[in-house]
Amino acid sequence: MLTVNAIAAPSATDPLVRTTIDRRDLGPRDVLIEISYAGICHSDIHTVRGDWGPVPYPLTVGHEIVGHIAEVGSEATKHAVGDRVGVGCMVNSCRECDNCRAGQEQYCLNGNVGTYASTDRDGTVTQGGYSTHIVVDEDFVLRVPTSIPHEAAAPLLCAGITTYSPLAHWNAGPGKKVAVVGMGGLGHMAVKIAVAMGAEVTVLSQTLSKKDDGLAFGAKDYHATSDPATFEALKNTFDLIINTVSAPIDINAYLSLLRLDGTLVSVGAPPEPLPVQVFALFGQRRSFAGSSIGGIPETQQMLDFCASHGIAPEIELIKADEVNDAYERVLSSDVRYRFVIDINSLR
């Protein structure tokens, strides 16, 4: 076992604290990663506060991880010491089901192993990236292109792939009108990626406070959803809507904005159910779908796409002792657009 410094949640209500956690011994096909930066995802907050179900406290979260390979197992061949790498939302899967064999490990029929709060192969609870080191099977480690700024790369491992995957699957590109609901950590990445794919992008946000940013990221238009006139003006407009909001919204109102055969995809995950009126789907043969992260091949594709198009998240770099304040600011939408923890401050 390797004991490393970390930040953990003792319970659903207590502040996160500095602590130590144990990492498993390096297996033959494992790599040891010295973590440089870890992004703060809204999912981290939902998890530590028990919004999505029981949590094995104490828990170290964080599934937006970048760093360098510090050591490789005796049979590991995909990465070498010193390589710049990343880890996202999963660290293993069954490798045998149809979905895993198709490179869709995120949809493993036997359940993938999450980077935190899952049962690891040795029976222990997985602990995430708010820590100085992590041991991961080499097959679930991504190569991070050096053209992506190191401190900004971490959010791509969740926010980047969570938005890239549905945009790619539903063929966002030239001639397609795409709306992005929400301009937070996921939303601003969806805008940048969809624009780079060639789509015409509109942002739908609660207010116009981030309009200048949205237009600077390449959006053609920006509307306030707090204004009822927005929904009237944009009826039957979009081929694809990406909903990035992790809070309840009126899904039926947004479905009305889809044109014939349009699809609304939710990637945000509010704790509450989202009621859907079936008649909102009938009129224009609309679809309402969900999308998770991407598999390992697609996540590497996303990283390479972002590198080739000069895409990186907008971040605010913080120290380890600022995590609790950062959580409160995320909940009040006071960040543009992703907090990233400088893990050097934890050593």
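Any read-out appearing in this document is the output of simple, stated calculations on the displayed coordinates, not a laboratory observation. Computed from a predicted structure; not experimentally measured. A quick note on method: Cβ atoms are made from the backbone with ideal geometry, for glycine too, and the neighbour counts reach across all protein chains shown.
Full-extension gain between ALA80 and SER147, please, as 0.36 nm times their residue separation minus the C-alpha to C-alpha distance.
On the way: separation 67, 0.36 × 67 = 24.12 nm, distance 1.87 nm.
Separation in residues times 0.36 nm, less the Cα-Cα distance, equals 22.2 nm.
Local charge sum around ALA320 (other residues, Cβ-Cβ under 11 Å, Lys/Arg +1, Asp/Glu -1)?
0
Between GLY53, GLY198, GLY268, find the one with the highest GNM mean-square fluctuation for the chain; connect C-alpha pairs within less than 10 Å.
Comparing GLY53, GLY198, GLY268 in a Gaussian network model of the chain, the most mobile one is GLY53.
Which of the GluC sites (Glu not before Pro) found in region 11-90 are loop residues per DSSP with 14 or fewer other Cβ atoms within 10 Å of their Cβ? Each step should come with its number before you reach the end.
Details: sites: GLU34, GLU64, GLU71, GLU75; in loops: GLU64, GLU75.
Sites meeting the loop and neighbour criteria: GLU75.
So what are the chain's ellipsoid semi-axes, whole angstrom, largest first, if each one is the square root of 5 times an eigenvalue of the alpha-carbon gyration tensor? Intermediate values should be presented prior to the final figure.
Numbers: eigenvalues 229, 88, 74 Å².
Equivalent ellipsoid semi-axes, largest first: 34, 21, 19 Å.
Excluding HIS79 itself, what net charge comes from residues whose Cβ is under 15 Å from its Cβ, given Lys and Arg +1 and Asp and Glu -1? Working shown, then result.
Details: positive: ARG29, LYS78, ARG84, ARG143; negative: ASP30, GLU34, GLU71, GLU75, ASP83, ASP137, GLU138, ASP139.
With Lys, Arg at +1 and Asp, Glu at -1, the neighbours total -4.
Take every DSSP beta bridge whose two residues both sit in the chain, then give the antiparallel share in percent to the nearest 5.
Details: 33 of 59 bridges.
Here the share of antiparallel DSSP bridges comes out near 55 percent.
Cβ under 12 Å from ARG336's Cβ, ARG336 left aside: what net charge do those residues give with Lys, Arg +1 and Asp, Glu -1?
On the way: positive: LYS210, ARG329, ARG338; negative: ASP212, ASP213, GLU314, GLU316, ASP334.
In short, -2.
Would region 160-290 count as rounded, prolate or oblate if I go by the C-alpha gyration tensor, calling it rounded below 1.5 in a/c and otherwise prolate when a/b exceeds b/c, oblate otherwise? It would help to have the intermediate numbers written out before the result.
Details: a/c = 1.31, a/b = 1.21, b/c = 1.08.
Verdict is rounded for region 160-290.
Can you give me the relative contact order of region 160-290 as a percent, contacts being Cα pairs under 8 Å and 6 or more apart? Mind showing how you got there, number by number?
Numbers: 277 pairs, mean separation 27.8, N = 131.
That works out to 21 percent.
To the nearest Å, what is the center-to-center distance of region 272-347 and region 37-103, using C-alpha atoms only?
Going from one Cα centre to the other spans 15 Å.
Which value at 222 nm does the chain reach when only helices count, each DSSP H run of 4 or more adding -39,500 (n - 2.57), with the total divided by all residues and rounded to the nearest 500 deg cm²/dmol? The partial results should precede the final answer.
Working: 11 runs with 82 residues, N = 347.
Calculated at 222 nm, the ellipticity per residue is -6000 deg cm²/dmol.
Expected output is a single nm value to one decimal: the length gained when fully extending between SER11 and HIS309, i.e. 0.36 nm times separation in residues minus the C-alpha distance. What is it? Mind showing how you got there, number by number?
Details: separation 298, 0.36 × 298 = 107.28 nm, distance 4.12 nm.
Difference between extended and current length: 103.2 nm.
Please build a GNM for the chain, connecting alpha carbons under 10 Å apart, and tell me which residue among ASP212, ASP51, ASP321 fluctuates the most.
Of ASP212, ASP51, ASP321, the Gaussian network model singles out ASP212 as fluctuating most.
Could you name the lysines whose alpha carbon sits less than 26 Å from that of LYS192, not counting residues in the same chain fewer than 8 places away?
Candidates past the 8-residue exclusion: LYS176, LYS177, LYS210, LYS211, LYS220, LYS235.
Evaluate the relative contact order of region 82-160 (contact order divided by residue number), counting alpha-carbon pairs under 8 angstrom at least 6 apart; express in whole percent.
Details: 94 pairs, mean separation 27.5, N = 79.
Reported relative contact order: 35 percent.
Determine the relative contact order of the chain: mean sequence separation of Cα pairs under 8 Å and six or more apart, normalised by residue count, in whole percent. Could the numbers behind the result be given before it?
Numbers: 820 pairs, mean separation 62.1, N = 347.
It rounds to 18 percent for the chain.
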